[in-house]
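**Student:** This is the structure I have questions about; it appears just below.
Read the figures in this text as sums done on the coordinates, not as results from a lab. Nothing here was measured: the structure is a model prediction, and the numbers come from that model. Don't worry about glycine lacking a Cβ; one is built from the backbone with ideal geometry, like all the others, and counts go over all protein chains shown.
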């Protein structure tokens with residue numbers, strides 16, 4: 001058993017299955033607990049591939065209204081009697097209102113929330129499954145962990161995982177580990193700008209036009225006839241991580257364990273950064289409710305976000321984990337749209353996620369930023 005799995009088992013008290021990616025874990029959980037055709041409530045804002053994983057599992061994505069306080073589902077504005085299951089996002093580590101989903105199939109995406117607890121209980125332990133990412137908090141560059149309660153579920157999911165894995169490549173594994181090590185060194189040493197220039201020069205970031213993943217609606221419609229099979233959806237799901245189903249070898253498992261072991265030692269610094277950033281007038285309101293949580297990122301809501309991102313980069317602070325406009329704007333033909341998309345559009349246009357570990361570098365810029373105009377002020381929010 002890898003050190004990464006042991007650490008998450010110790011945190012959750014659950015059986016944990018090591019995976020090459022969080023993506024594969026989400027698909028396995030959705031496929032295992034949900035029946036094709038069921039209606040799944042999900043946030044309008046997350047990584048694009050999450051929507052395609054839901055479609056690959058044969059489910060109907062029901063797009064929820066978003067809470068402008070935290071960027072998660074607003075359960076008070078949802079008719080839960082009309083959905084069968086819920087996929088939480090816990091965006092940037094801010095917890096979804098999990099108490100609202102009692103009696104529903106609950107799959108927790110805790111990619112951003114490895115360190116978040118609710119009432120002293122870790123996220124990832126409330127639903128049928130919790131799916132962790134080893135590339136977010138730990139920064140391991142790859143890897144996921146699926147946490148489940150029952151031994152029978154664990155064995156069935158292990159078998160399903162093995163059926164979907166494809167052979168890995170040592171060269172790719174070496175590149176992934178070396179890239180992650182370089183990224184961590186650049187962050188520590190304040191060399192973000194040259195690291196970004198090198199990354200772009202080497203084309204380590206996939207080119208994009210508009211949305212991060214091109215929808216290709218006609219082709220997607222044809223592929224959906226093959227759901228709930230995952231491989232046909234690979235062209236949509238593998239963006240920025242083409243080996244999301246590839247077996248990981250000894251090197252990757254060693255590095256993942258090493259990075260996970262460092263997470264607790266970063267907790268105090270992360271908490272201090274959360275408290276500092278929470279004093280800014282532009283901080284999302286829910287952050288102030290969770291000053292005891294070592295958030296993955298602290299979301300600010302600012303007026304001139306693109307200019308702020310450029311200035312932060314000049315000062316050696318990289319901004320990531322910005323998500324495209326809401327799923328129902330992106331892929332309305334494949335979803336049941338939100339009854340009120342305005343808050344999600346507003347959030348997608350203004351949110352600026354800041355790594356609290358490096359809050360001290362960012363604060364000189366952040367203190368000068370104007371908060372976003374309140375939702376509903378002026379014109380009705382439209383597409384960014």
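**Student:** Assuming a viscosity of 0.890 mPa s and a temperature of 25 °C, what translational diffusion coefficient in µm² per second does Stokes-Einstein assign to the chain, Rh being the Kirkwood radius over Cα pairs? List each step's numbers first, then the result.
**Tutor:** Values: Rh = 21.1 Å.
Once the numbers are plugged in, D ends up at 116 µm²/s.
**Student:** Translational diffusion coefficient, Stokes-Einstein: compute it for segment 1-123 using the Kirkwood radius over C-alpha pairs as Rh, at 25 °C and 0.890 mPa s, and state it as an integer in µm² s⁻¹. Write out the running numbers ahead of the final one.
**Tutor:** Details: Rh = 15.0 Å.
The Stokes-Einstein estimate is 164 µm²/s.
**Student:** Would you look at the GNM of the chain, springs on alpha carbons closer than 10 Å, and say which of 119, 71, 265 moves the most?
**Tutor:** Looking only at 119, 71, 265, the biggest GNM fluctuation is shown by 119.
**Student:** Let me ask something additional. Rounded to a whole number of µm²/s, how large is the Stokes-Einstein D of segment 42-97 at 4 °C and 1.567 mPa s, given Rh as the Kirkwood radius over C-alpha pairs?
**Tutor:** The diffusion coefficient I find is 110 µm²/s.
**Student:** Here's something else I'd like to know. Report the label-to-label distance for residue 175 and residue 226 in nanometres (one decimal), using points 7 Å from each Cα along the Cα→Cβ vector.
**Tutor:** My value for the distance between the label points is 2.4 nm.
**Student:** If packing is taken as the average number of other Cβ atoms within 10 Å across a peptide's residues, how do 270-278, 213-221 rank, most packed first?
**Tutor:** Numbers: 270-278: 19.4, 213-221: 14.2.
The densest-packed peptide leads the list: 270-278, 213-221.
**Student:** If you don't mind, there's one more thing I want to ask. How many nm is it between the label spots at residue 360 and residue 279, if each spot is 7 Å from the Cα in line with the beta carbon?
**Tutor:** Result for the modelled spin labels: 1.4 nm.
**Student:** Among 47-56, 248-257, how do they line up by average Cβ neighbours within 10 Å per residue, starting with the highest?
**Tutor:** Numbers: 47-56: 24.1, 248-257: 19.1.
Ranked by mean Cβ neighbours within 10 Å, highest first: 47-56, 248-257.
**Student:** Return the ratio Rg/(2.2 N^0.38 Å) for segment 267-366, where Rg is computed over Cα atoms only. List each step's numbers first, then the result.
**Tutor:** On the way: Rg = 14.8 Å, N = 100, 2.2 N^0.38 = 12.7 Å.
Segment 267-366 yields a ratio of 1.17.
**Student:** Work out how much length residue 291 to residue 151 would gain on full extension: take 0.36 nm times their residue separation and subtract the Cα-Cα distance, in nm to one decimal.
**Tutor:** Details: separation 140, 0.36 × 140 = 50.40 nm, distance 3.54 nm.
Value of the extension gain: 46.9 nm.
**Student:** I want to check the label-to-label distance for residue 267 and residue 97. Put each point 7 Å from Cα in the C-beta direction and report it in nm to one decimal.
**Tutor:** Spacing of the two 7 Å Cα→Cβ label points: 2.9 nm.
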